[in-house]
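Worksheet: one structure, shown below.
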């Protein structure tokens, strides 16, 4: 059973800091030797685990941020690394009915950064359902926000509310997804 537990990994979805930067992103994938971190906009960093100084609520990478960028920044379009412990049939979200979708939202909101209309960073979309986005933010916060609250989608999703209003949608991080599935489904892609 040990290896099954490895799959979700001890770093999955933790916030990541560099020596001189309090938040460079979140761990979206972990393999035997590296973590994949998605940051602001389209930033992605594949950081070797031997660069991790320690991990508690957050993962501290033992480098200044400019070094992380210089050495480990990769395109988000690159395939995510896999290893023996982490085999995915596919990394795509389940198919959606595009007819109801076209025009209103782009094809996938997965992993986009989320901001409020007063320009505060809320987090990243980790799951999308027919009518909600599940956003993972700072401090292990999770928000299940109705898609009807989205006012713009570009590099980031903009919610039509101020930051303080997002907390109406805060739910326990380990609560089932809006679809009723356990939250661990996210880790399985």
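Read-outs throughout are calculated quantities, based only on the coordinates presented, and are distinct from any laboratory measurement. This one's a predicted model, so the numbers in the text were calculated from it and none came from an experiment. We place every Cβ from the backbone using ideal geometry, glycine too, and count neighbours over all the protein chains shown.
Things to note:
- 169, 45 arranged by Cβ crowding within 10 Å, fewest neighbours leading: 169, 45
- Taking only Cα atoms of segment 2-74, radius of gyration then Dmax in Å: 11.3, 36
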